[in-house]
Amino acid sequence: MEQNLKIEIITSFYITENNDRMNELVKALDKNLQNKYINNIHLFVDDKKCVDYLKNKYNKLFYNKIKICNIGKQPLYSDLFTYCNTLKQKICMIINSDIWLYSINNINIFDKLKENKQKTIFSLTRHEHDFSRPLIEKYSGSHDAFIFISPIDTQIIKHVKHKQNVWGSENVVLYELNKVKYKLYNPCIQIKIIHERKSGIRNRGRKRINRGDINGDGIFSIRSHSVKPHY
């Protein structure tokens, strides 16, 4: 299984003027490029400047693992899932741009993705840059990676037209997956992801989207779901 495990990462990359934050984004990308389980990294990038930066930074071996999905757009979750659906029968891993895959302690855990006619998804809670795990030990519904075998049910795509960097964005995705009977697991100890956010830079103006919405009948409903860690 280990030799056959190839993961396609789908994420974004951008250039920021803040050096500390830029170093975090580059570190996450570097670590993913070096990971033996990652086959390719598919990037949505802000502009051609990003493409030129990547070409200049990486040698041919690493740059060949980078696949540019789209230039000039910060992706919505619907964009990320739609792109994944072009990677038929691949193990896809949607992550935030400051997340990297550190280790897989149980390769056989990936066999679970084939359950329920492949309607199974891992939604991982992260470890922090110092390898602490406060959001796991005191779980509060945080998720930073989705792993599944493509294609995803297209019913999901039309309901997740929002960006990654808004409060509650992943909880809405999980809510929609749960609605169409996906099996959801959070094996965040067996599959360890690291969050590079030592700089502490955040957009404090981010809105929260998982508190609720008005459905077709005019009824207010909460669009939120989470999956506790599976040890």
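The values are calculated or read from the model by the stated rules, or taken from the named source; none is laboratory data. Values in this document were obtained by computation on a predicted structure and should not be read as measured data. Note that each Cβ is placed from the backbone with ideal geometry, even for glycine, and that neighbours are counted across all protein chains shown. These area figures cover heavy atoms from the full protein model, side chains too; ligands, DNA and RNA do not enter into them. Shrake-Rupley method; radii C 1.70, N 1.55, O 1.52, S 1.80 Å.
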Check residue 191: other-chain or 5+ apart residues with amide H under 5 Å from its amide H, H built from backbone geometry?
105
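Residues with beta-carbon under 11 Å from that of residue 136, excluding residue 136: net charge, scoring Lys, Arg +1 and Asp, Glu -1? Write out the running numbers ahead of the final one.
Values: positive: 126, 133, 138, 192, 228; negative: 128, 137.
Around residue 136, the surrounding residues sum to +3.
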Return the loop-located trypsin sites (Lys or Arg not before Pro) in segment 64-148 (DSSP other than H, G, I, E, B) with at most 12 other Cβ atoms within 10 Å of their own Cβ; answer none if there are none.
88, 138
Provide the FRET efficiency to the nearest 0.05 for the residue 102-residue 19 pair, computing r from the beta carbons and using R0 = 30 Å.
0.80
Residues of the chain: accessible area per residue at 1.4 Å, in Å²?
50
Pop out the ³J(HN,Hα) list for segment 158-166 in order, Karplus 6.51 cos²θ - 1.76 cosθ + 1.60 with θ = phi - 60°, rounded to Hz; leave Gly and Pro as x.
6, 10, 10, 8, 9, 7, 6, 8, 10
By a straight-distance test (C-alpha under 18 Å), which lysines pair with residue 198 as possible cross-link partners, with residues fewer than eight away in the same chain excluded?
27, 31
With θ set to phi - 60°, apply the Karplus curve 6.51 cos²θ - 1.76 cosθ + 1.60 along segment 24-31 and write out the HN-Hα couplings as whole Hz, x wherever there is a Gly or Pro.
5, 5, 5, 4, 4, 5, 4, 4
Among the aspartates and glutamates, which fall within straight-line cross-link reach of residue 55, defined as a Cα-Cα distance under 17 Å, with same-chain neighbours fewer than 8 residues apart omitted?
30, 46, 47
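Answer rounded, prolate or oblate for segment 58-167, using the Cα gyration tensor with square roots of eigenvalues a ≥ b ≥ c: rounded when a/c is under 1.5, else prolate when a/b is larger than b/c, else oblate. Numbers along the way, then the final one.
On the way: a/c = 1.24, a/b = 1.12, b/c = 1.10.
Since a/c stays below 1.5, the shape of segment 58-167 is classed as rounded.
With a ≥ b ≥ c the root eigenvalues of the C-alpha gyration tensor of segment 110-182, is it rounded (a/c under 1.5), prolate (a/b larger than b/c) or oblate?
Values: a/c = 2.33, a/b = 1.40, b/c = 1.67.
Note, shape of segment 110-182 comes out oblate.
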For the chain, which cysteines have no disulfide-compatible partner, meaning no other cysteine Cβ under 4.7 Å?
50, 69, 188
Please work out how much length the chain gains when fully extended from residue 6 to residue 62, using 0.36 nm per residue of separation minus the C-alpha to C-alpha distance, in nm with one decimal.
18.6 nm
Could you list which residues have their amide H under 5 Å from that of residue 66, counting only those 5 or more apart in sequence or on another chain, with H placed in the peptide plane?
41
Taking a ≥ b ≥ c as the square roots of the Cα gyration tensor eigenvalues, with a/c under 1.5 meaning rounded and otherwise prolate when a/b beats b/c or oblate if not, segment 29-98 comes out oblate
Just tell me which aspartates and glutamates come within less than 13 Å, Cα to Cα, of residue 158; anything on the same chain fewer than 8 places away is out.
79, 176
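Return the FRET efficiency for the residue pair residue 117, residue 161: r is the Cβ-Cβ distance, R0 is 25 Å, and the value is rounded to the nearest 0.05. Don't skip to the end; give the middle numbers.
Details: r = 26 Å, r/R0 = 1.03.
E(calc), rounded to 0.05, equals 0.45.
Ignoring ligands, DNA and RNA, what percent of the 1.4 Å accessible area of the chain is carbon and sulfur?
Working: 5300 of 11540 Å².
Ligands and nucleic acids excluded, carbon and sulfur give 46 percent.
Suppose the chain between residue 130 and residue 27 were pulled fully straight at 0.36 nm per residue; how much longer would it get relative to their current alpha carbon spacing?
Answer, rounded to one decimal: 35.7 nm.
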In Å and from the alpha-carbon atoms only, list the Rg and Dmax of segment 1-137.
15.4, 45
Computed over the chain, the relative contact order (Cα-Cα under 8 Å, seq sep at least six) in percent reads 23
Can you tell which of 81, 131, 110 shows the greatest fluctuation in a Gaussian network model of the chain with Cα springs below 10 Å?
131
